[in-house]
Amino acid sequence: MSGAAEPAILRVARGLRVAVSALAAGMAYLAGWNYIACALFITADVVGRSTIGISSTATVEVTGYMLAGGIAWGLAHTLARRAHIRVDVWVNRLPLMLRAWLHFLSLLLLGAFAAFCAWAAWALVEESILFDAHDNSALHLPLVVPQGIWMFGILAFCLMILVLALESALTLLLGQPEELDRLLGSRTLEDETAEALEAVEMSRQAKTP
Amino acid sequence: MIAVILLLLLLGIAVFAAVTGGAAIPVTEILALTGVFLVFFGAGVYIAAVLGLLGILVGLTFSDRPWWAFAGQTLWGPSSNFVLVAVPLFLLMGEILLRAGLSDRLYKALNIWLNRLPGGLLHTNIVSCAVFSAISGSSVATAATMGSVALPYFNGTRYNQRMVLGSLAAGGALGNLIPPGITFIIYGLITETSVGALYIAAFLPSILVTGLFALVILGHGILRPLDRPPPLPLRLKLRALLDLIPTMILMFLVLGSIYAGYATPTEAAALGVVGAAGFAALEGKLSLRLLNASAEATARNTALLGLIIFGAYLLNYLLTTINVPQALAGFIAGLPLPPWAIMACILALYLALGTFMEGFSMIITTVPVVFPIVTALGYDPIWFGVMVTMLVEIAQISPPDGTVMYVLQGMRPRPGPITDVFVGVVPFLAAYLLAVVLLMIWPGIALWLPRMMG
């Protein structure tokens, strides 16, 4: 915003946040395409089952793993896009300074919860390694693979919270609450409507001019 | 703000009942927890974090068992559940359809058939919303899509602006009730009810609500008649029918395969995605850009849901280990009140919560605690699922805080106060509430069809 007057440390924090956001966005696109693959996989299974009587026999398990991975890998990007749900009816009516602090507090609490989830995920993965756990599907897949992928997503989520918290703390210290509000304030209805309209707009475009 | 008052009132009743009933309920602890809950919520903390941290707090305070050892499994279980796979798939299908321009054609085609009825285009609003919501699972998306398609048709007409906005908002509120809705999947997952049975149960209530909406418009149209547009030749009408075919096929593919018992909801959703992509391809709109944008939106919306599920399952797991839902259910079932009065309280609670909470977060948060009470009172889980979904939808169109209405307000071409939307939606709100009352009196409206189909 203020260009050259900006302290170097804030620029570093911002750079870090931008980098992690880019990583998170990449992971989210993978998660999304993973759902497309999921749809194709299940469709193939249904068609195969009803026409030629073959099925992968592990569709239920594998798509479940794909979902778990998809959820976890989308978490960080969802945070970067400020889309995780909060009840903000009251917060948005508060004065800027108070609001900024509350945003920061919310992020820290989210961080605490995410850290717990990461720890729990790690404990689960460790257990799966220890017992060399496999699922009950015909493929007898080792659980450590999907659970490890899942855990990686949660860790990326923690990292995203960390860099966001770093940047927010700096903006608070430097007395720029409006920056923090922009960074963490939840998406307004206008944002959501604009997004739906953008999607509709895409459908209006001529096939190929 | 009606919500807050109502909530405090209900809390008061609960405390009063607990004190006079003399039952051994740890009132102070429950109040303290509720307090923490409300403060966190009010401060705008992420819902998932509130639920999760509350769960951890409950575990640390009340449980002397090593509950944390199962935390990983508690989070992993639901997130790798095949039933839940339907959620991203239905979202994906909706995102693709939204971008494929099916809604435009749908509206045009329906309009040709409906515009000579009293109330004219307003019927098209409701019916096209109803049809669109049968293939999409989200109310905001339905309202935004149909609003952007429909509003231009009303430019320069003598239609009552309020009714136009009201009917679109009401139509948007059909989004989750008409199968396949996401709400039912979440409800089914939490309560271990069959999602397919919920979809079947929602069939007649959806028709009931849509029918009541049509009656409202018919009444309005008869009271304030407008000039009818000239009749169109049959050939044109039949050609319009052709434009409806893609939507119909998709509906048949998704709902038909569920209703016929040929596919589970998750499999039907997968077929729906492929079908939607197929029609987008026929329209010449299937592109990498479309799929990429749809994939990103799906990933985001699934992740936000997933995080709340993490928090809710953790909390629910801990509450269950210390027997809270069971104790609460036993206590409430033992109250000297008739079951219908308790049910009315529960329904009022949903209505209140819904005015400031978003639909599925509300269901994930409350159903684990409320559901044991409902079953203890002897109500049918499937019927309750339909009721909850209807209430969530009603809450979305109840002034002054319904999301769908603000979406429409943001889109209207002729500016005006938000109260226009509020006034316009009231008759539809009344109709929707009437449907809830009817369902309360005759649960068979929801339960007859699932029973007939076994």
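Read-outs throughout are calculated quantities, based only on the coordinates presented, and are distinct from any laboratory measurement. Predicted model only: the values in this text are computed from it and were never measured. Neighbour counts run over all protein chains shown; Cβ positions are idealised from the backbone, glycine included.
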Exposure proxy order (Cβ contacts within 10 Å, fewest to most) of B:70, B:310, B:252, B:384 | B:252, B:70, B:384, B:310
Region B:298-428 shape via C-alpha gyration tensor axes, a/c threshold 1.5 = oblate
Helix B:102-114 vs. chain B, principal-axis angle (Cα, 0 to 90°, nearest 10) | 60
Search the structure for amide H atoms under 5 Å from the amide H of residue A:134, placed 1.01 Å from N in the peptide plane, and list their residues when 5 or more places away or on another chain.
-> A:143
Hey, what does the equivalent ellipsoid look like for region A:16-93, semi-axes from the Cα gyration tensor as sqrt of 5 times each eigenvalue, largest first, whole Å?
-> 36, 15, 9
Rg over Rh [alpha-carbon atoms, Kirkwood Rh] for region B:140-180 = 1.03
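Chain A: D in µm²/s via Stokes-Einstein (Kirkwood Rh, Cα pairs, 4 °C, 1.567 mPa s)?
Numbers: Rh = 20.0 Å.
Diffusion coefficient, whole number: 65 µm²/s.
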Starting at the first residue of region B:378-394, write each ³J(HN,Hα) from the Karplus equation 6.51 cos²θ - 1.76 cosθ + 1.60 with θ = phi - 60°, in whole Hz, x for Gly and Pro.
-> x, 7, 7, x, 6, 4, 5, x, 5, 4, 4, 4, 5, 5, 4, 5, 4
Residue among A:108, A:202, A:39 farthest towards the positive dipole end of chain A, charges placed on Cβ | A:202
In debye, nearest 20: dipole of the protein assembly as shown around its Cα centre with unit charges on the Cβ of K, R (+) and D, E (-)?
-> 1940
Using only the alpha-carbon atoms of region B:203-352, report the extent along each of the three principal axes, biggest first, to the nearest angstrom.
-> 67, 50, 30
Please say if region A:31-145 is rounded, prolate or oblate, where rounded means a/c under 1.5 for a ≥ b ≥ c the square roots of the C-alpha gyration tensor eigenvalues, and otherwise the choice is prolate for a/b larger than b/c and oblate otherwise?
-> oblate
Rotationally averaged projected area of region A:105-149 (alpha carbon convex hull; nm²) = 3.5
Two decimals is fine: what is log10 I(q)/I(0) at q = 0.18, 0.20, 0.29 Å⁻¹ for region B:37-90, from a Debye sum with one equal scatterer on every Cα and no solvent?
-> -0.79, -0.87, -1.04
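For region B:331-393, what does the alpha-carbon gyration tensor say about shape, rounded, prolate or oblate, given a ≥ b ≥ c as the root eigenvalues, a/c under 1.5 as rounded, and a/b over b/c as prolate? List each step's numbers first, then the result.
Working: a/c = 1.92, a/b = 1.70, b/c = 1.13.
Verdict is prolate for region B:331-393.
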Paired Rg and Dmax values of chain B, which use every Cα atom, in angstrom | 22.7, 77
What are the trypsin sites (Lys or Arg not before Pro) within region B:61-126 that DSSP puts in a loop, where the Cβ has at most 15 other Cβ atoms within 10 Å?
-> B:116
Grab every C-alpha pair in the protein assembly as shown, bin the distances at 20 angstrom width from 0 up to the longest one, and report whole percents.
-> 18, 53, 27, 2
Region B:69-99 and region A:1-63: distance between their alpha carbon centers, rounded to Å = 13
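Give me the percent relative contact order of chain B, please, defined on Cα pairs under 8 angstrom at least 6 residues apart. Intermediate values should be presented prior to the final figure.
On the way: 594 pairs, mean separation 126.4, N = 454.
Result for chain B is 28 percent.
If you wrap a convex hull around the alpha carbons of region A:92-195, what volume per residue comes out, as a whole number of Å³?
Details: hull volume 13.6 nm³, N = 104.
Per residue, the Cα convex hull of region A:92-195 comes to 131 Å³.
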Length-normalised contact order of chain A in % [C-alpha pairs under 8 Å, at least 6 apart] | 29
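Could you compute the net charge surrounding residue B:197? Neighbours are other residues with a C-beta less than 15 Å from the C-beta of residue B:197; K and R count +1, D and E count -1. Display every interim value, and only then the final one.
Working: positive: B:451; negative: B:192, B:380.
Summing Lys/Arg as +1 and Asp/Glu as -1 gives -1.
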Dipole magnitude of chain A about its Cα centre, charges +1 at Lys/Arg Cβ and -1 at Asp/Glu Cβ only, in debye to the nearest 20?
-> 400
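Exposure proxy check: A:60, B:425 ranked by fewest other beta carbons within 10 Å? Could the numbers behind the result be given before it?
Details: A:60 19, B:425 28.
Fewest-to-most ranking of A:60, B:425: A:60, B:425.
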CD proxy, 222 nm, chain B: helix-only mean residue ellipticity via -39,500 (n - 2.57) per DSSP H run with n ≥ 4, per residue, nearest 500, stands at -24500 deg cm²/dmol
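Average the reciprocal distances over every distinct pair of alpha-carbons in region B:160-285, invert the result, and give the Kirkwood radius in Å. List each step's numbers first, then the result.
Values: mean 1/r = 0.0578 Å⁻¹.
About 17.3 Å for region B:160-285.
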Amide H neighbours of residue A:86 at under 5 Å, excluding residues fewer than 5 places away on the same chain, with H built from the backbone geometry, are B:47
